[in-house]
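Scroll down for the structure; my scribbles are underneath it.
The values are calculated or read from the model by the stated rules, or taken from the named source; none is laboratory data. Since we're looking at a predicted model, the values are computed, not measured. Ideal geometry is used to build each Cβ from the backbone, glycine not excepted, and the neighbour counts take in all protein chains shown. These accessible areas exclude ligands, DNA and RNA; they are computed on the full protein's heavy atoms, side chains included. Shrake-Rupley method; radii C 1.70, N 1.55, O 1.52, S 1.80 Å.
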Amino acid sequence: MRASARMATATAAAALLIGCVSGPAASKPDSSGSGLGSAEGEKVLVFSKTAGFRHDSIPDGIAAVKELGAANGFTVDATEDAGAFTAANLAQYDAVIWLSTTGDVLNAEQQTAFEGYIKKGGGYVGVHAAADTEYDWPFYGGLAGAYFQSHPAIQPAKVQVEDHAHPSTEHLPGIWDRTDEWYNYRSNPRDRARVLASLDESSYTGGTMSGDHPIAWCQGSVEGTAGRSFYTGGGHTKESFADPAYRTHLLGGIRWATGAAQADCRAEKGYTPIFDGTAASLDGWKQAGPGSFELNEAEGTLTTVGGMGMLWYDGPKELGSYSLKLDWRMDGDDNSGIFVGFPASDDPWSAVNNGYEIQIDATDVPEKTTGSVYGFKSADLKKRDKALNPPGEWNTYELRVEGERLRIYLNGVKINDFTNTDPARSLKDGHIGIQNHGADDQVSFRDIRVKELPARTASGGGR
């Protein structure tokens, strides 16, 4: 166990935990009235050329995207002319939506133009039969994530939402019941993409992916570039494009692909959930200090109530080298943080005095604002502002602790890199906790998960 390193006065401790207020961080506002935010004048191209089977839902899909654009502030062009795929023409678009395309639809010159567009930071949205396209173009196969193999008859199925922090899925329940034509794929995209939703193969007949059946996914930093890729397997039926839940799902994918919304789309494997939205998963958690957290099992969230206290995870052992991921949302000008590297205690100030807080509130001074190691090191504010979603939308943190080094990722973007050199503190072992800051603050958390990492040596003090 570590020795206590109390601050000189309770006032100094309070200053670290409470902070002071200054101007808000820059972020795109919600001007749509939908709660999803606006694409802020961005422009997308809907491409629906077919060289194989043609879906009769394509006109409905084009109409739906145009309606979404009109309601959410982005411009929509639609074409079936592959001649639109030139470097000069594509440069005007923030994303290209491949709407149930089939077969070989671009020639070699057009393919090169589209590759260049993606590598320069363009966005790709694949809908349904976009996976049934360009089988002899390896770049496209990697961009789409997987190729179509087969499908059973149209039927109801249960869609399991795996990631609620993405704008395409944040509105959905844990199990989304819907009817569509459910594709089987030639490979599993999980190794290269962040799976957002998967099919429960026991809920319908004809699934062939051995129980791990992704149906919607995203990829950030395509081939190490700024390119983005979102794919959804839904959208075969005309009814899909009249379904509010599916339309919002598609809108979220478009917003992310254009850069109007942020999310962590790195592939994720090996994480153990320590809060999964159920009451049972709270068995390992303890409240330190005043206030509490309200559980909403329907939404899978914990929301702060009162304070100033902390809910901390008392696992089977202290955490050393690990990656902690969790999703968080502020409803307004709220305050909270995540603590790491502190000893077991019923006193929330022990975390302040012995560990480190990673701040959530975006309205504080640089060393105490979102992405900061609170009171010790500011985030890269330009990267932070670009990665941050505004109040009312979900954000994802990854806190990666290796030795005395702490790296902070916001929606998949590294915004801080801190190394502890304080001999009274150490990141090499400790607990994690989430703060309930005060009665006027309401911050929600969900999907808290941890992955152990190989132990690394690093400079810095220890206790």
Which condition breaks for Q149 when tested against (1) within 25 Å of P244 (Cα to Cα); (2) of a type in the set (S, T, N, Q); (3) in a strand (DSSP E or B)? (1)
Quick one: in the stretch 414-426, which of the residues that are of a type outside the set (S, T, N, Q) and modelled with pLDDT of 95 or more is farthest from R384 (Cα to Cα)? F418
Inside the stretch 51-136, counting only strands (runs of 3 or more DSSP E) that do not spill past its ends, which hold 1 or more residues that are open to solvent by less than 10 Å² (accessible area, probe 1.4 Å)? 95-99, 123-127
Checked against (1) of a type in the set (S, T, N, Q); (2) in a strand (DSSP E or B); (3) at pLDDT below 95, T457 satisfies every condition except (2)
Of all residues being free of Cβ contacts under 8 Å to residues at least 60 places away in the same chain and part of a loop (DSSP other than H, G, I, E, B) in the stretch 39-50, which is surrounded by the fewest Cβ atoms within 10 Å (Cβ to Cβ)? Just the residue, please. G41
So D264 passes all but one of these: (1) open to solvent by less than 20 Å² (accessible area, probe 1.4 Å); (2) within 30 Å of E294 (Cα to Cα); (3) not in a loop (DSSP other than H, G, I, E, B). Which condition number does it fail? (3)
Condition (residue is over 15 Å from L172 (Cβ atoms) and touching a His at 6+ places or on another chain (Cβ under 6 Å)) applied to the stretch 225-232: is it met by at least one residue? no
State which residue pairs qualify: first residue in contact (Cβ under 8 Å) with a residue 12 or more places away in the chain and under 14 Å from P273 (Cβ atoms) and inside the stretch 160-178, second residue open to solvent by 10 Å² or more (accessible area, probe 1.4 Å) and acidic (D, E) in any location, beta carbons under 6 Å apart, and separation of 6 or more residues or different chains. Q160/D200; H164/E170
Pairs with Cβ under 8 Å, 6+ apart, first in the stretch 79-97 and more than 21 Å from G259 (Cα to Cα), second of a type in the set (A, V, I, L, M) and assigned to a strand (DSSP E or B): T79/L45; T79/V46; A84/L45
What are the residues in the stretch 140-177 that are out of contact with any Leu (no Cβ under 8 Å at 6 or more places or on another chain) and open to solvent by less than 20 Å² (accessible area, probe 1.4 Å), if any? Y140, G141, G142, L143, A144, G145, A146, A165, L172
Segments classed as strands (runs of 3 or more DSSP E), wholly inside the stretch 290-402, with at least 2 members that are in contact (Cβ under 8 Å) with a residue 24 or more places away in the chain and buried (at least 22 other Cβ atoms within 10 Å of the Cβ): 301-305, 309-313, 322-330, 337-342, 356-359, 395-402
Only one of (1) open to solvent by less than 40 Å² (accessible area, probe 1.4 Å); (2) assigned to a strand (DSSP E or B); (3) of a type outside the set (S, T, Y); (4) more than 21 Å from L388 (Cβ to Cβ) fails for P273. Which number is that? (1)
Looking only at the stretch 276-289, which residues are free of Cβ contacts under 8 Å to residues at least 24 places away in the same chain and either in contact with a Cys (Cβ under 9 Å, 6 or more places away or on another chain) or loosely packed, with under 15 Cβ neighbours inside 10 Å (or both)? T278, A279, A280, D283
Quick check on the stretch 184-213: of everything there that is assigned to a loop (DSSP other than H, G, I, E, B) and among the charged types (D, E, K, R), which residue is farthest from S229 (Cα to Cα)? D200
From V195, V222, grab the single residue that is modelled with pLDDT under 95 and within 18 Å of the chain's Cα centre (by Cα). V222
Hey, R247 assigned to a helix (DSSP H, G or I), under 28 Å from G69 (Cβ atoms) and over 18 Å from the mean Cα position of the chain (by Cα) or not: yes
